[in-house]
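What follows draws every value from the coordinates through simple rules; no lab data is involved. Nothing here was measured: the structure is a model prediction, and the numbers come from that model. Cβ atoms come from the backbone with ideal geometry, glycine included; neighbour counts cover every protein chain shown.
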Amino acid sequence: MIYPIVKYGQEVLNKVAAPVTVFDEELEKLVADMFETMYAAHGVGLAAPQIGLSRHFCVIDTTVSEQEKGAKLVLANPVIVAVEGRQVHEEGCLSLPDFRAETPRPLKATVRAQDVHGKEFTVTGEGLLARAFCHETDHLNGKLFIHHLSPLKRESIKRKIRKLTKAGDW
Ligand code: NI
């Protein structure tokens, strides 16, 4: 099932999501639906609050080519435990469609999380994967990429969204 994606302005995106405590078939189904929703929207990551669920899990797949399939990652209750270096690249978010901005992130990030069955694991990502770990973990803590921009840039994006909202286009 493909869910509608919640856009910036909805309260669920500003909240710290509730921890995942039950690893059951319902969670497996939600994870499958979130991958489906993410692929349909051409995203590389999606957090539960973006489908309106304040629950601490997200899905990630930063691969772009067919050959690299199998890189699906499910992170339940993820915590960034180590970061290294710095990168600045354009970043976007499915909850802020059409807005992209040069966003600073660590070059490498190590995340500790649980998989869909509750098994704990640690994984390190570099480049785009590190960016996705940070971006999705932020979502689960009620933060969006615009939090990492200069106040000027952030206000400019917010102003444009207010205009779109007024016009009924958001
Ligand atoms: Ni996002």
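Among the candidates V20, V83, single out the residue that is assigned to a loop (DSSP other than H, G, I, E, B), surrounded by 13 or more Cβ atoms within 10 Å (Cβ to Cβ), of a type in the set (V, I, T) and touching a strand residue (DSSP E or B) at 6+ places or on another chain (Cβ under 6 Å).
That would be V20, the only listed residue that is assigned to a loop (DSSP other than H, G, I, E, B), surrounded by 13 or more Cβ atoms within 10 Å (Cβ to Cβ), of a type in the set (V, I, T) and touching a strand residue (DSSP E or B) at 6+ places or on another chain (Cβ under 6 Å).
So how many residues does region 136-146 have that are in contact (Cβ under 8 Å) with a residue 12 or more places away in the chain and under 12 Å from S95 (Cα atoms)?
So the answer is 5.
Considering only residues that are free of Cβ contacts under 8 Å to residues at least 60 places away in the same chain and either within 15 Å of P97 (Cα to Cα) or of a type in the set (D, E, K, R) (or both), which ones fall in region 40-66?
Passing the criteria: A40, A41, H42, G43, I51, R55, D61, E66.
Based on this model, can you work out whether E102 counts as under 15 Å from the mean Cα position of the chain (by Cα), assigned to a strand (DSSP E or B) and of a type in the set (D, E)?
So E102 does not fit the description; no.
Could you say which residue among P78, P49 is in contact with a Ser or Thr (Cβ under 6 Å, 6 or more places away or on another chain), within 15 Å of the ligand (Cβ to nearest atom) and under 17 Å from N141 (Cα atoms)?
Answer to the check: P78.
Are there any pairs with C-beta distances below 8 angstrom linking a residue in region 153-170 that is outside any loop (DSSP other than H, G, I, E, B) to a residue that is small (G, A, S), with the two at least 6 apart or on different chains, and if so which?
These pairs meet every condition: K153/A101; I157/A101; I161/G9; T165/G9.
Taking region 110-144, which residues are away from the ligand (no atom under 12 Å from the Cβ), over 25 Å from V22 (Cβ atoms) and in a loop (DSSP other than H, G, I, E, B)?
Within region 110-144, just G127 meets the criteria.
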